[in-house]
Amino acid sequence: MSKGKIMGIAFLVIALGFAAWLLSTTGARSAGGTVLGIIILVILPAIIGVYLFISGGQEEKTMKKLELEQKILNAVETRGTVKVNQLILELGLSRDTFRDYLEDLVGKGLFTGYVDWKGGKLVSADMAKLDMHKCPNCGAPLELAGKGVVRCPYCGTEIFLK
């Protein structure tokens, strides 16, 4: 559990504690004092607690994504060539999610290499070794497919540039 979620739960517990205390001692204060106490000691900590709990959940999702992207990079860098389907299964991702993560890594400038979607392999490549005019998979001429991406129109191989 993330620190944000833990802090959110702590604030909610504090708000509940103050609510119980205020309800048990209502005869000792005026109505205005009770209302002010509820606002300051219950509602404000509860709002902060809910906010921290929700943002902690978003933090967990982000950290999980970064962890999976790191695993993709590690697999390609240590193995050189990785079977896409095998890596997808290892990471428990869908093909579309895997593609999104890979594109995110390319966008961040962390991955250089190519993916042969038809052949089902992901290959790490040193830019100096790649001939940017020929597909490393089939040898056909390459076409620019987008920012940082060159695609082979014949076999579908995509080369990601830093």
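The values are calculated or read from the model by the stated rules, or taken from the named source; none is laboratory data. Here the structure is a predicted model, which is why all the values come from computation and not from measurement. Counting neighbours? That spans all protein chains shown, and the Cβs are built from the backbone with ideal geometry, glycine included.
Scanning for something more than 18 Å from the chain's Cα centre (by Cα) and over 30 Å from residue 7 (Cβ atoms), does region 67-77 turn up at least one residue?
yes
Among the residues in region 138-153, are any assigned to a helix (DSSP H, G or I) and in contact (Cβ under 8 Å) with a residue 24 or more places away in the chain?
Among the residues of region 138-153, not one is assigned to a helix (DSSP H, G or I) and in contact (Cβ under 8 Å) with a residue 24 or more places away in the chain, which makes the answer no.
Might you check whether a residue that is touching a helix residue (DSSP H, G or I) at 6+ places or on another chain (Cβ under 9 Å), modelled with pLDDT of 85 or more and of a type outside the set (A, V, I, L, M, F, W, C) occurs anywhere in region 129-142?
Yes - at least one qualifying residue is present in region 129-142.
Given the condition acidic (Asp, Glu) and surrounded by fewer than 14 Cβ atoms within 10 Å (Cβ to Cβ), answer yes or no: does some residue in region 66-85 qualify?
Yes - at least one qualifying residue is present in region 66-85.
If I filter region 90-104 for residues that are of a type in the set (Val, Ile, Thr), farther than 30 Å from residue 1 by Cα and either assigned to a strand (DSSP E or B) or not assigned by TED's automatic domain parsing to the domain that holds residue 8 (or both), do I get at least one hit?
Checking region 90-104: not a single residue is of a type in the set (Val, Ile, Thr), farther than 30 Å from residue 1 by Cα and either assigned to a strand (DSSP E or B) or not assigned by TED's automatic domain parsing to the domain that holds residue 8 (or both).
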